[in-house]
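Q: Here you go, one structure.
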Amino acid sequence: MTDTADSPAASPAPADRRLTVVVGICGGIAAYKAVSVVRELVLRGHDVHVVPTEAALRFVGAPTLEAISRNPVHTSVFDDVAQVRHVALGQQADLVVVAPATAHTLAKLAHGLSDDLLGTTVLASTAPLVVAPAMHTQMWQAASTVDNVALLRSRGVLVVGPDDGPLTGGDSGPGRLSEPDVIVDAALAAVAASPEEAPARDLAGRVVVVTAGGTREPIDPVRWIGNRSSGKQGLAIAQAATARGARVVFVAAHVDDDVAAAVRRLPGVEVRPAPTAADLDAVTTAAAETADVVVMAAAVADWAPASVSPSKLKKDDAGDRLALELVRTVDVLAGLVERRRPGQVVVGFAAETSTGRDDLLALGRRKLARKPADLLVLNQVGWTEGFGRDESVAVVLGRGGDVVGESSGTKSDTAHALLDAVVRLLG
Ligand code: CTP
């Protein structure tokens with residue numbers, strides 16, 4: 001059984017300079033949480049200008065926002081006319097965050113309506129725009145909101161949340177404002193340390209499915225056959241893809257705790273658990289139906305116990321030896337390649353314990369002949385290389401077996417080398 005190599009990924013670098021941040025606040029109950037967003041940004045050393053809508057001020061008072069942001073608060077385009085405030089703020093901003101973003105404001109932003117200071121500020125800004133929606137589930141799922149959010153995403157707007165959980169009305173579902181620190185982390189990650197370092201938003205509007213971690217095939221209720229995959233390479237791909245503007249579906253087999261925590265904090269990422277090879281097949285196949293790109297970074301077990309004992313196997317019953325019969329699992333990648341839609345890019349991984357580059361390339365080409373993925377990422381693994389480590393050496397092969405990318409460095413470098421090749425194929 002061969003595992004796919006995983007190792008840690010660096011988070012997109014948060015800006016370490018003092019940023020001018022505009023925080024737009026809309027009129028919803030969650031506006032009280034926006035105070036914490038503002039405070040967190042100020043505590044992290046940024047110059048924060050709050051632009052509440054008129055409705056937001058019915059939930060949180062201007063004095064609170066002024067005290068917390070340490071800057072005056074304006075709502076009207078007719079305030080401070082001599083300073084042309086309605087465009088000046090937007091032009092100065094390095095980052096615009098709208099939290100909470102109501103269905104009404106999402107609609108306005110999607111269609112460029114600018115009948116208040118927040119609308120004009122957003123239109124006048126070329127800075128990254130991050131919106132954190134909060135509303136009732138029905139409003140979030142309404143066709144108009146879904147379309148407006150899709151339109152904003154297609155323009156590279158980063159949508160953080162909403163979370164699923166208890167709502168103000170006592171009901172529960174998707175619509176809760178994300179936690180303030182999650183919004184702030186995501187917003188700052190959207191601004192690279194310098195414009196030259198900012199990744200291209202070349203996956204804006206794309207849906208990327210990334211499988212990660214190692215599957216666990218149960219033997220009995222307390223034991224399984226698993227592998228050493230940590231999920232770190234998958235995390236690195238999810239981080240790189242979101243930084244480049246994609247929406248990511250993260251299909252998680254077993255991943256390390258720090259990977260699970262990091263992926264939950266990533267904006268624009270939906271996590272779908274898939275503990276076994278059969279689960280991973282079902283979940284990934286369903287997600288692939290609407291995906292532009294599918295990356296099979298998971299270490300899927302090649303064999304699983306032929307039968308699962310319903311109760312714990314006892315030593316006394318088994319004696320000194322226990323023979324387990326294993327059967328081949330479904331090959332998820334092969335199925336994805338077979339069902340690939342026109343224009344869809346399917347990426348496989350191959351972790352090999354080869355002795356040298358030529359050997360590695362030959363193994364990769366043989367694998368491609370068996371499962372003709374659009375791209376195959378080759379990693380060297382062994383007892384010490386690959387799994388759970390920060391660095392990796394990777395070669396990316398195209399469908400014909402030609403080398404179309406290489407990286408030597410962090411798992412994040414591998415992820416970007418792979419996504420560069422994906423973007424070239426997507427055209
Ligand atoms: N894969 C899969 N389903 C499986 C096994 C592997 O989708 N049941 C995927 C992995 O996610 C990875 C690629 O296939 O993207 C690895 O290819 P595979 O031929 O299974 O590699 P090895 O397990 O390394 O195969 P071999 O034992 O032939 O080296």
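The values are calculated or read from the model by the stated rules, or taken from the named source; none is laboratory data. Since this is a predicted model, take the numbers as computed values, not measurements. Cβ coordinates were reconstructed from backbone atoms using ideal geometry, including for glycine residues, and neighbour counts include every protein chain displayed.
Q: Considering only segment 223-241, how many residues are without any contact (Cβ under 8 Å) to a residue 12 or more places away in the chain and crowded, with 24+ Cβ neighbours inside 10 Å?
A: Of the residues in that region, 0 qualify.
Q: Right, here's the next one. Hey, any hits in segment 288-304 for a residue that's part of a loop (DSSP other than H, G, I, E, B), more than 16 Å from the ligand (Cβ to nearest atom) and in contact with a Gly (Cβ under 8 Å, 6 or more places away or on another chain)?
A: yes
Q: Any residue at all in segment 327-338 that's within 15 Å of the ligand (Cβ to nearest atom) and in a strand (DSSP E or B)?
A: Yes.
Q: Any residue in segment 278-301 that is of a type outside the set (A, V, I, L, M) and over 28 Å from PHE250 (Cβ atoms)?
A: The answer is no, given that none of the residues of segment 278-301 is of a type outside the set (A, V, I, L, M) and over 28 Å from PHE250 (Cβ atoms).
Q: State all residues of segment 348-376 that are over 11 Å from ARG399 (Cα atoms), in contact with a strand residue (DSSP E or B) (Cβ under 6 Å, 6 or more places away or on another chain) and within 11 Å of the ligand (Cβ to nearest atom); if no residue qualifies, say none.
A: Answer for segment 348-376, where residues must be over 11 Å from ARG399 (Cα atoms), in contact with a strand residue (DSSP E or B) (Cβ under 6 Å, 6 or more places away or on another chain) and within 11 Å of the ligand (Cβ to nearest atom): PHE349, ALA350, ALA351, LEU363.
Q: Just one of the numbered conditions (1) in a strand (DSSP E or B); (2) of a type in the set (A, V, I, L, M); (3) at pLDDT below 90 is not true of VAL23; which one?
A: Of the numbered conditions (1) in a strand (DSSP E or B); (2) of a type in the set (A, V, I, L, M); (3) at pLDDT below 90, the odd one out for VAL23 is (3).
Q: Of (1) under 34 Å from the mean Cα position of the chain (by Cα); (2) assigned to a loop (DSSP other than H, G, I, E, B), SER311 satisfies all except one. Which?
A: All conditions are met except number (1).
Q: Just to be sure, is VAL271 in a helix (DSSP H, G or I) and modelled with pLDDT under 95?
A: It is false that VAL271 is in a helix (DSSP H, G or I) and modelled with pLDDT under 95.
Q: Any residue in segment 30-43 that is assigned by TED's automatic domain parsing to the domain that holds ASP163 sitting within a Cβ distance under 6 Å of a residue that is polar (S, T, N, Q)? List the pairs, counting only those 6 or more apart or interchain.
A: VAL38/SER69
Q: With the requirement that a residue be under 21 Å from ALA34 (Cβ atoms) and not hydrophobic (A, V, I, L, M, F, W, C), what does segment 116-153 give you?
A: ASP116, GLY119, THR120, THR121, SER125, PRO128, PRO133, HIS136, THR137, THR145, ASN148
Q: Here's something else I'd like to know. Scan segment 105-147 for residues that are of a type outside the set (A, V, I, L, M, F, W, C) and surrounded by fewer than 17 Cβ atoms within 10 Å (Cβ to Cβ) and jot them down.
A: HIS111, GLY112, ASP115, THR126, GLN138, GLN141, SER144, ASP147
Q: Spot the failing condition for VAL381; the list is (1) buried (at least 21 other Cβ atoms within 10 Å of the Cβ); (2) closer than 18 Å to THR211 by Cα; (3) more than 8 Å from the ligand (Cβ to nearest atom), and only one is missed.
A: Just one mismatch for VAL381, condition (2).
Q: A further question follows. Would you mention how many residues in segment 268-285 are closer than 29 Å to GLY398 by Cα, within 15 Å of the ligand (Cβ to nearest atom) and not hydroxyl-bearing (Ser, Thr, Tyr)?
A: Residues meeting the conditions: 8.
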